[in-house]
Structure formats: C-alpha cells, structure tokens
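Below is one structure, written out as structure tokens, with a few remarks after it.
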Amino acid sequence: MSMDVRARTGRRARSVPMRRALPRLLREPAGALAEFARESQGEVVRLELGPFRPYLVTHPDHVQKVMRLEWTKHQRMGMFWRPLERLFGHSVMSDGEHWQSSRKILQPLFTTRYVATIADEVARRVTGRVEEWDEYVRSGRDFDAATEMSRILSYIVNRVLFGDKLSREDGERIIPAFEQASYSLVYRILMPFMPYFMRIPGDRTFLKAVESIDDVVFPVVRKAMANPDDNVDVISVLCRFVDENGDRLTEKQIRDALVSVYAASSETTAMILTWLWLLLEEHPDVAARLQAEIDEVVGEGPAVPEDIPRLVYTRMVLQETLRLYPAGWFLPRRVMEDAEIGGVWIKAGSSVLVTPYATQRLPEFWERPDSFDPERFAPGRLESEERRHRYSYFPFGGGPHRCLGEPLFYVEAPLVVASILSRFRMSVRTPGPFDTGWAASLRPRQKVALGVSFNGRDRSGALR
C-alpha cells in the first residue's frame with residue numbers, strides 16, 4: 001500500500017476548540033500544552049487557533065518519528081521558525097544545507113572529549129565569577145536570578161565561543177538583548193500567520209534587541225576575520241574554515257553561528273539554573289541532600305572538574321530539573337510531505353508542535369509527573385524502568401538536531417551549582433507560585449529575586 005493511500009486512510013485528529021485552547025495558552029503556555037497532552041493521553045490533537053491549526057505531538061513514539069525516524073519530513077521551517085531566523089539567521093538553529101555545514105564545522109568543539117580539555121578553564125572562571133557574590137552578601141542586596149545566572153554563563157561561554165575576543169562588558173550587553181528578543185517573539189509565535197510588512201506588538205523591541213546583539217558581535221567577527229589565529233575556540237575555527245571550493249565563511253555566516261551557539265550554551269543553561277533555585281526552595285529535603293553531597297565532595301571549594309564524577313546527586317537534581325523545566329520547551333516542525341503520525345493523516349505544509357515540557361510530564365510514562373523527584377535519575381534506575389521510552393525524556397532534543405551544547409552543560413552546570421553552594425546559602429525572596437511565561441526559552445513569568453548568605457568560613461578563618 002502506498003504512503004499516500006495509507007495516509008488518507010488515517011483518522012482525523014481530535015481538536016481542541018479555540019475557546020478552550022487560546023485562553024489557556026495565553027495564561028500559561030507550557031502548562032496548557034501539558035494539559036492538552038494529558039487530556040488526550042498523548043494522542044495527536046489539533047489546536048484550533050483561528051487561521052492557524054497546528055498539531056500537538058507528545059507521545060514518545062510520535063516524537064521519535066518526528067525527531068529521528070522521519071526527521072527529513074519534519075523540518076525546522078515555516079511560520080514558527082521565521083521569527084527565529086531574524087535572530088539566529090541560517091546556522092545550527094536552521095535546517096537544510098546551512099544547518100548541515102554549520103553542524104559539521106562546530107561538532108568537534110562540543111564533544112565530550114573536547115569539553116574535557118577546557119574544563120579546568122571553565123572551573124576557574126566559575127570560581128572567579130561566583131566569588132564576586134561576596135559583595136551581595138556584605139551589602140545585603142538581592143539580585144535577579146535569571147540575569148545573574150546569565151552573567152556567569154556568559155563569562156564561561158566567552159572563552160569557549162570567542163576565545164576572550166569579546167570583552168566582559170560587551171558579553172554582558174548581550175544578556176538583556178537576548179531576554180528582550182525572547183519575550184518580544186511571543187506575538188509572532190502567537191500570530192505566525194501575520195505578514196511581516198505589518199508591524200505587530202513586540203516587533204520594534206525585537207528588532208532593537210537583534211540590532212544590539214549585532215552591534216556587539218559583528219565588530220568582533222570582523223576583527224577576528226582580519227587577524228585569524230590558531231586558537232581552538234568557535235570564532236577562530238569558523239574564521240579558518242575553508243569549504244571544498246576554497247571559499248571561506250562570510251561575516252554573516254560566522255555571526256549566525258556564534259549567536260546560535262551562544263543561545264544554546266549560555267542563555268538556555270541560565271534559565272535551567274533559574275528554575276533550579278526555585279525547585280530547591282520548594283523542596284528543602286532535596287536541597288539538604290544536595291548541600292550534603294557538595295559539602296562532602298567539594299568542601300570549601302573551589303569546585304574542580306575532578307569533582308564532577310563524584311557529584312552524582314547533583315547530576316540527578318539537574319536531570320530532574322531538565323525534565324520539569326526544559327529550556328527548549330517548544331520545538332515546532334513543518335510537515336514537508338503528507339504524513340501519518342499516530343494514525344492521524346497530516347497534510348504537507350501543516351505544523352506540528354513537539355514539546356518536551358508536555359511529554360516529560362505524561363503520567364503514562366512518569367509516576368507523579370509533576371513532582372520534583374531526583375531519585376528518578378538514580379544510577380541504574382532508568383534502565384530498570386520498563387515503561388520508560390527513549391523519547392519520554394529529551395530535554396536536549398533528539399535525532400540529528402540534538403543540541404550541540406549538551407556535553408558543555410554537564411560540565412558547566414555542576415560546576416556552577418557546586419561552586420555556589422560550597423560558598424553560599426541561597427534563598428528565594430520572590431513569593432510564588434511561579435508560572436511559565438511566553439518566551440522562546442522557558443522562563444518564569446515574573447522576576448525571581450535571590451538572596452545569598454555566606455556558607456562556613458572564609459579563607460582568612462573569620463566566620464562568614
């Protein structure tokens with residue numbers, strides 16, 4: 001039987017009417033998608049959003065089909081991706097030839113082996129940056145969690161991406177621009193059918209944010225292209241690259257690659273760590289066990305790469321945070337040819353929405369799916385779970401588009417957490433609850449104020 005015949009014999013998807021879908025999505029987008037997924041028990045459903053009617057795909061079998069088995073039929077193109085192209089251009093965040101060439105160039109710089117070679121430098125940077133928090137303690141000032149996490153990660157990633165060709169001041173200028181871009185994309189994502197010659201709310205803010213990023217990145221790219229070096233960092237490798245025709249990358253191609261990788265390795269990790277502090281505040285038993293492990297392994301610090309294999313519970317806590325609050329919560333795809341997913345016929349040109357946030361909370365695959373329980377990721381436990389599916393947990397995506405930054409995350413995130421908790425005690429000063437907001441990466445709707453106090457004794461022996 002031909003694919004066309006099989007597809008046309010498939011059933012129609014159950015629909016979520018606009019009067020139910022739109023208010024819930026506007027109120028709490030990630031939670032709404034998880035709710036629709038649970039109501040359908042992971043079956044494919046269609047969201048009626050006026051002229052736009054995407055399919056919600058959440059069952060792990062269906063996710064695997066879209067992300068890996070038939071990934072060429074489900075591309076990162078279409079109305080959802082067009083606004084992102086204005087920020088990331090055509091690189092590892094896109095698809096097709098641009099994605100393939102960018103991925104081929106960048107992949108060697110994000111392997112576990114390569115990340116291990118820069119781990120000592122990452123640890124030194126984390127330690128130096130975290131020690132600056134002493135001033136927050138002495139002054140009694142709170143700080144915004146997302147901003148401060150982003151500053152720490154930006155300081156680390158400046159070495160990996162730019163080889164310190166980007167000043168710390170310029171690196172920190174990018175942070176608010178990414179935040180503004182992430183939030184201002186909301187309107188284009190909610191109204192992807194609106195033509196771009198028509199200005200809608202958020203467009204002006206978004207374009208100013210992209211301009212701010214370009215004002216920082218392009219001068220660094222031009223200087224690096226004019227004076228290429230032999231360093232092993234992303235910008236140096238991109239500047240040295242020559243394709244089979246003897247052509248070098250343009251400054252726009254290098255800019256697109258840098259901005260894309262910056263978002264994947266810095267901004268998203270910062271959001272995950274922001275959610276982590278909220279979860280630890282709500283679960284003092286987990287926080288106490290995490291603190292005990294760090295006290296035993298790291299002591300008064302500083303945390304070093306050799307500590308990472310012994311920070312077993314720390315990794316479990318991070319993995320469970322990724323399950324509940326994956327930064328890449330919203331992974332749309334365009335159907336390139338008529339397809340069948342879960343018995344539902346989907347026409348070419350349609351959009352499907354894959355969301356780790358919803359899939360990773362399906363009760364069919366996770367007991368107490370909304371509970372924060374790092375024990376789910378105890379060594380050996382996942383292998384013994386008969387109901388666990390490979391694509392029931394995919395916080396870094398899956399298939400050929402799996403996030404390049406995953407090896408870096410599992411070095412920088414444990415070092416950041418261990419360095420902070422070996423030196424400080426953290427407290428959340430903003431009252432909850434904390435809902436998800438509409439943004440390109442999963443963020444709390446409101447700002448999260450953190451307070452810090454000293455932990456133990458400082459190096460002079462005085463009580464902190």
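Quick notes
- Residue tally, condition open to solvent by 10 Å² or more (accessible area, probe 1.4 Å) and part of a helix (DSSP H, G or I), over the stretch 35-58: 3
- The stretch 329-377, residues that are part of a loop (DSSP other than H, G, I, E, B), among the polar types (S, T, N, Q), open to solvent by less than 30 Å² (accessible area, probe 1.4 Å) and under 18 Å from Arg38 (Cα atoms): Thr355, Gln360
- The residue of the stretch 76-101 that is nearest to the chain's Cα centre (by Cα), among those that are open to solvent by 20 Å² or more (accessible area, probe 1.4 Å) and polar (S, T, N, Q), is Gln100.
- Scanning the stretch 427-440 for residues that are open to solvent by less than 30 Å² (accessible area, probe 1.4 Å) and modelled with pLDDT under 85 yields Gly437, Ala439.
- Taken over the stretch 96-126, residues that are in contact with a Phe, Trp or Tyr (Cβ under 8 Å, 6 or more places away or on another chain) and of a type in the set (Asp, Glu) amount to 0.
- Set Asn158, Asn227, Asn231, Asn245: member being of a type outside the set (Asp, Glu) and either in contact with a Cys (Cβ under 8 Å, 6 or more places away or on another chain) or open to solvent by less than 50 Å² (accessible area, probe 1.4 Å) (or both): Asn158
- With respect to (1) open to solvent by 20 Å² or more (accessible area, probe 1.4 Å); (2) within 25 Å of Phe394 (Cα to Cα), the lone exception for Arg11 is condition (2).
- Condition met for Phe424 (over 22 Å from Trp71 (Cβ atoms) and touching a His at 6+ places or on another chain (Cβ under 8 Å)): no
- Enumeration of residues in the stretch 32-69 that are aromatic (Phe, Trp, Tyr) and closer than 12 Å to Arg333 by Cβ: Tyr55
- Annotation note: of Leu450, Leu408, Leu404, the sole residue that is modelled with pLDDT under 90 and crowded, with 20+ Cβ neighbours inside 10 Å is Leu404.
- Members of the stretch 24-76 found to be under 21 Å from Ala327 (Cα atoms) and β-branched (Val, Ile, Thr), listed by number: Val57, Thr58, Val63, Val66
- Members of the stretch 25-34 that are modelled with pLDDT of 90 or more and in contact with a helix residue (DSSP H, G or I) (Cβ under 7 Å, 6 or more places away or on another chain): Ala30, Ala32, Leu33, Ala34
- Here Phe424 fulfils each of the conditions (1) open to solvent by less than 10 Å² (accessible area, probe 1.4 Å); (2) touching a strand residue (DSSP E or B) at 6+ places or on another chain (Cβ under 8 Å); (3) farther than 26 Å from Phe454 by Cβ apart from (3).
- Condition met for Met316 (of a type in the set (A, V, I, L, M) and open to solvent by 60 Å² or more (accessible area, probe 1.4 Å)): no
- Qualifying residue in the stretch 378-388 (condition: of a type in the set (D, E, K, R) and at pLDDT 90 or above): no
- Of all the listed residues (Gly397, Gly451, Gly405, Gly437), the sole one being touching a residue at least 60 places away in the same chain (Cβ under 8 Å) and at positive phi is Gly397.
- From Pro29, Pro23, residue being open to solvent by 10 Å² or more (accessible area, probe 1.4 Å) and under 19 Å from Gly437 (Cβ atoms): Pro23
- Which numbered condition Trp275 fails, given (1) within 23 Å of Leu161 (Cβ to Cβ); (2) crowded, with 23+ Cβ neighbours inside 10 Å; (3) within 21 Å of the chain's Cα centre (by Cα): (1)
- Residue that is most open to solvent (accessible area, probe 1.4 Å) [pool: residues in the stretch 279-305 that are closer than 20 Å to Glu131 by Cβ and assigned to a helix (DSSP H, G or I)]: Asp295
- Hey, His389 within 19 Å of the chain's Cα centre (by Cα), touching a residue at least 40 places away in the same chain (Cβ under 8 Å) and open to solvent by 10 Å² or more (accessible area, probe 1.4 Å) or not: no
- When restricted to residues that are at pLDDT 80 or above, closer than 20 Å to Phe330 by Cβ and among the β-branched types (Val, Ile, Thr), the stretch 70-111 contains 0.
- Qualifying positions in the stretch 66-113 - aromatic (Phe, Trp, Tyr) and either closer than 23 Å to Phe178 by Cβ or free of Cβ contacts under 8 Å to residues at least 24 places away in the same chain (or both): Phe80, Trp81, Phe88, Trp99, Phe110
- Where Leu207 falls short, out of the listed (1) over 25 Å from the mean Cα position of the chain (by Cα); (2) open to solvent by 50 Å² or more (accessible area, probe 1.4 Å): (1)
- Scanning the stretch 259-267 turns up no residue that is among the aromatic types (Phe, Trp, Tyr), buried (at least 18 other Cβ atoms within 10 Å of the Cβ) and under 24 Å from Gln360 (Cβ atoms).
The values are calculated or read from the model by the stated rules, or taken from the named source; none is laboratory data. Since the structure is predicted, the reported quantities are computational estimates derived from the model, not experimental observations. Quick reminder, even Gly has a Cβ in these numbers, built from the backbone with ideal geometry, and neighbours come from all protein chains shown. These area figures cover heavy atoms from the full protein model, side chains too; ligands, DNA and RNA do not enter into them. Shrake-Rupley method; radii C 1.70, N 1.55, O 1.52, S 1.80 Å.
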